[in-house]
Structures are given as C-alpha cells and as structure tokens.
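J.: Here you go, one structure.
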Amino acid sequence: MSQEQQQLNDSSTPAAAETNGTEQVVPVSEAIRYRKRAQASEQQVEQLTAQLQELRREHHQASEQINRMKQDAQLAEQLVRAGVKDLEAATLLAQKRLKAANGETPDLRQVVEQLRTDRPYLFAGNEQADWSWMTPTAGVRTTGQHGRQTLSKLAERARASGQRQDMHEYLRLRRSLRG
C-alpha cells in the first residue's frame, strides 16, 4: 500500500481538501461524517420530492372532485328551477349528456332545455306529457266496508309473511280501491 493510501485510512491523519486554490486540512473521520450527512440529505430530498408529487396528485384529484360536485350542484339547481318532477332521473340523464360533450363544457341551461324538449314528462306543468300509463290497472273493484276489511287482512298477511306475492296482492287491491 502506498503512503498516501495509508494516510487516508488513518482516521487521526488529516486529509487535504482543496478549495479555491487554498488547501484546507480536514480529518478523515470528519470527511466521512460529512459524506454520510450529505447522503442522508440527498435521500431526504428524494423522499420529500416523492411526497410533494403525491400531494400534488392528491390536490389535483381533490380539485377535480370539487369541480364535479359544484357542477352537480349547479345542474340540480338548474333542474329545480326548470320544475323537474324526478330530480334523480333528470340528473342522471343530464350528466350523461354532459359526459357525451367530449371534453367541451356545455352550458347547463342548454342541457336542461334540451332535456326538457326530449323528455317533457320529467317536468311539471307540461301538458304534452301523456300520463295514461299511470292509471290503475283494470281488475275487480271492491267497494265498501268489505273491501277495506279485505285490504287490512291482506296488509297484515303481507307484513307477517314478507312474501312478494302477498305484497303484490295487497298493492293490487289497494290500487283498485283508490280508482
């Protein structure tokens, strides 16, 4: 081993470092410590950089979610102003149209108006809507006290059994009594 290598290995022997043309003598053990601190700092910088990227990604996702929530609230407000009867169905249809806009941000009022023209039955005060499909089904109409007793018996049986058939029978009789 050469004499210079022995000096570097010896921790008590100072090592020479050149800075701006002047020589500075630093012990080897201190140089090793500086090197370890520098490596630890570099590792910490890498960790903080990764953490910063993760936080930026989360911030971006949160911002997008907030924007979607704001748009949903504005859409619901526009639909309510337009007099929608079924807010959930109208919202789903309007959101479908907004997604089909291919990245463009269409005016919510235009979407609501288009929905009003395409699906008039969703909005109140529309005489064009055909509600004939909602009339009670034709069947045996029972009237008077006997019908109400039968209805209460069917309701009790449906409640006790929990079977779908009993529930349908009860609902069918109830609908026929109202008509």
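J.: Condition first: part of a helix (DSSP H, G or I), more than 22 Å from the chain's Cα centre (by Cα) and modelled with pLDDT under 90. Can you find one or more residues in segment 32-40 that meet it?
T.: no
J.: Also, quick follow-up: Go through segment 76-123 and count every residue that is closer than 23 Å to residue 64 by Cβ, of a type in the set (Ser, Thr, Tyr) and surrounded by 12 or more Cβ atoms within 10 Å (Cβ to Cβ).
T.: 1
J.: Hey, another quick one. Which of the residues that make up segment 143-160 are modelled with pLDDT under 80 and either in contact with a helix residue (DSSP H, G or I) (Cβ under 9 Å, 6 or more places away or on another chain) or not assigned by TED's automatic domain parsing to the domain that holds residue 174 (or both)?
T.: Those that are modelled with pLDDT under 80 and either in contact with a helix residue (DSSP H, G or I) (Cβ under 9 Å, 6 or more places away or on another chain) or not assigned by TED's automatic domain parsing to the domain that holds residue 174 (or both): 143, 147, 148.
J.: Further question: Which pairs do you get when a residue that is at positive phi, found in segment 72-87, comes within reach of a residue that is among the hydrophobic types (A, V, I, L, M, F, W, C), reach meaning Cβ atoms under 6 angstrom, with the pair 6+ apart or on two chains?
T.: Between residues of segment 72-87 that are at positive phi and residues that are among the hydrophobic types (A, V, I, L, M, F, W, C), the close pairs are 83/123; 83/124.
The values are calculated or read from the model by the stated rules, or taken from the named source; none is laboratory data. Only a predicted model underlies this, so the values are computations on that prediction, with no experimental measurement involved. Backbone-built Cβ (ideal geometry, glycine too); neighbour counts: all protein chains shown.
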